[in-house]
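Here the structure comes first, spelled out in structure tokens, and everything after it is commentary.
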Amino acid sequence: MTTEYDINRATLALLSCYAAELWEQLEELPEGEEQAQALENLLQIQDATASKIDAIAYVADQLKVDLETWSTRLQKVVELHTQVINKRKKQLEHLKAYLVRLNELGMLKDKVIGTQRRIDFQNSPKSVELLVEPEELPQEYQTIKVTAKSKEILEAYKRGEDTSAIAKVSQSKHVRFRSLSQKQS
């Protein structure tokens, strides 16, 4: 027979096993003191199971809060660092633009040498700026991207069409933690 100590320390899976064992025993026990004790134990297991479920949901809630807190902290750190990175990029771009302007004006040669470093001015790779929308380009200058219409495949599957040759439709389970209203017992 299950002891109270075991019930309080048991996992949710173990509590389910204990309950199944007790149900089997209840069916075999004659009416009387033993059956009453088995029923009492079953009620204790049900109470322990309910408490365990509440505890698991509480832990899940705490983990969600923790995740939100850390995500918010990460977002703020990323924002701060992104601002600094963008500021430095802009400063570097301005410095380079200033030097290129001096080179274009002839104030700096294509190679200028310091005591330890050298600055070189080179032509950048050629770039393309489109004057029309990509759809208006001749076909030889277009790339066609093919994507699957997953929603349409799922709808066809739901209508009973055989999609097994082109796609595998599957469904997984997920967990939701919900609060019970005070009216339910």
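A short reminder: the numbers here are calculations on the coordinates, not readings from a lab. Quantities reported herein were computed from a predicted structural model and do not represent experimental measurements. As a convention, Cβ positions derive from the backbone with ideal geometry for all residues, glycine included, and neighbour counts pool all protein chains shown.
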Taking Cα atoms only, helix 33-104 is inclined relative to the longest principal axis of the chain by an angle, in degrees rounded to 10, of 0
Distance from the Cα centre of the range 68-86 to that of the range 133-185, in angstrom? 32
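How much length is gained if the chain between Thr11 and Leu99 is pulled fully straight, taking 0.36 nm per residue apart and subtracting their Cα-Cα distance, in nm to one decimal? Numbers along the way, then the final one.
Working: separation 88, 0.36 × 88 = 31.68 nm, distance 6.96 nm.
Result for the pair: 24.7 nm of gain on full extension.
Return the loop-located GluC sites (Glu not before Pro) in the range 91-185 (DSSP other than H, G, I, E, B) with at most 14 other Cβ atoms within 10 Å of their own Cβ; answer none if there are none. Display every interim value, and only then the final one.
On the way: sites: Glu93, Glu104, Glu129, Glu135, Glu136, Glu140, Glu152, Glu155, Glu161; in loops: Glu129, Glu161.
Within the range 91-185, the qualifying GluC sites (Glu not before Pro) (loop, at most 14 other Cβ atoms within 10 Å) are Glu129, Glu161.
Give me Rg over Rh for the range 78-185, both radii from the alpha carbons and Rh done the Kirkwood way, two decimal places. Provide the component values of the computation, followed by the final result.
Numbers: Rg = 29.5 Å, Rh = 22.5 Å.
Rg/Rh for the range 78-185 comes to 1.31.
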Expected unfolding gain across Leu131-Arg88 under the 0.36 nm per residue rule, minus the alpha-carbon gap, is 12.3 nm
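At 222 nm, what helix-only mean residue ellipticity would the chain give, in deg cm²/dmol to the nearest 500, using -39500 (n - 2.57) for each DSSP H run of four or more? Don't skip to the end; give the middle numbers.
Details: 4 runs with 104 residues, N = 185.
Helix-only estimate at 222 nm: -20000 deg cm²/dmol.
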Distance in nm between Thr147 and Lys64 label points, each 7 Å along Cα→Cβ, equals 3.0
With a Cα-only, solvent-free Debye model of the chain, what are the log10 I(q)/I(0) values at q = 0.09, 0.15, 0.18 Å⁻¹? -0.82, -1.11, -1.18
Of Gln83, Asn8, Leu67, which is farthest on the positive side of the dipole of the chain, counting Cα position, with +1 on Lys and Arg Cβ, -1 on Asp and Glu Cβ, and the Cα centre as origin? Gln83
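Taking other Cβ within 10 Å of each residue's Cβ, how do Ser16, Ser181 sort, fewest first?
On the way: Ser16 14, Ser181 6.
Result, fewest neighbours first: Ser181, Ser16.
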Helix 12-28 against the longest principal axis of the chain: what's the angle in degrees, Cα atoms only, rounded to the nearest 10? 20
